[in-house]
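Values in this text are rule-based calculations from the coordinates and carry no lab data. Remember, predicted model here, so these are calculated numbers, not experimental data. Here the Cβ positions follow ideal geometry from the backbone for every residue, glycine too, while neighbour counts run over all protein chains shown.
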Amino acid sequence: MADPSRIFLVVVDDTPELKPALHYACLRARRTGGRVALLAVIEPSDTQAWMAVETLMREEKRAEAEELLLRMAEEVHSLSGQPAVFYVREGLVQDELLQLLEEDLSISILVLGAATGPEGPGPLVAHLVNKVAGRLRVPVTIVPGSLDDAQIALLT
């Protein structure tokens, strides 16, 4: 019997490696009776701005994050057969991800996409693998960003 509480968490951003990670998580969720959760993190701005400008910038970033989540939610529902679970946080991605994993015990697996460029797998994947992997309470699946839909379907 499938475990309905199995939740695959995907960090949502605007990188190309999101697509294979999301596709993988959705197909695994469908095949195991689980669900997909989407985490969007609104990072603080690097500039020191007036309070009104800072507030406006934060509101714009939040609106962009929510729009991205809604777009991804359609794909999640289509591929997994279940509605997505949403998380929106403000702060640094690494910190907010780790905090969410500690707080929400319903999250079973973290699914991340690895970048394909010469710079490496991406800052979040590198941070988790190099600094905190041994302390995580959930397994991490790293999906190569070079996989296409057919390859992912074979793996899931």
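Values computed for the structure shown
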quantity: Sparse-neighbourhood loop sites, trypsin sites (Lys or Arg not before Pro) in segment 84-156 - DSSP loop, at most 15 other Cβ within 10 angstrom; calculated: Arg137
quantity: Net +/- balance of residues flanking Leu100 in space, Cβ distance below 13 Å, scoring K and R +1, D and E -1; calculated: -4
quantity: Label-point gap, in nm, between Glu74 and Asp95 - each point 7 angstrom along Cα→Cβ; calculated: 3.5 nm
quantity: Radius ratio Rg over Rh of the chain, counting only Cα atoms, Kirkwood formula for Rh; calculated: 0.98
quantity: Amide H contacts under 5 Å for Ile42, placed H, 5+ residues apart; calculated: Arg89, Glu90, Gly91
quantity: Crossing angle, helix 18-32 versus the chain [Cα axis fit, 0-90 degrees, rounded to tens]; calculated: 40 degrees
quantity: Per-pair calculated FRET efficiency, R0 = 30 Å: Ser106 and Leu155 via Cβ, rounded to 0.05; calculated: 0.80
quantity: Estimated distance in nm for a label pair at Asp14 and Ser45, the labels positioned 7 Å out from Cα along Cα-to-Cβ; calculated: 1.5 nm
quantity: Rule-of-thumb Rg ratio for segment 89-156 [Cα; 2.2 N^0.38 Å; N residues]; calculated: 1.21
quantity: Environment charge at Pro123 (Cβ cut-off 13 Å; Lys +1, Arg +1, Asp -1, Glu -1); calculated: -4
quantity: Amide H contacts under 5 Å for Leu9, placed H, 5+ residues apart; calculated: Ala37, Ser108, Ile109, Leu110, Val111
quantity: Nearest-ten-degree value, helix 51-80 long axis tilted from longest Cα axis of the chain; calculated: 10 degrees
quantity: Stretchable slack from Val88 to Ser5, in nm (0.36 nm times residue separation minus alpha-carbon distance); calculated: 27.9 nm
quantity: Sequence-separation-based contact order of segment 7-155, relative, with Cα cut under 8 Å and 6+ spacing, percent; calculated: 34 percent
quantity: Formal net charge of residues neighbouring Cys26 (Cβ-Cβ distance under 12 Å; K, R +1; D, E -1); calculated: +2
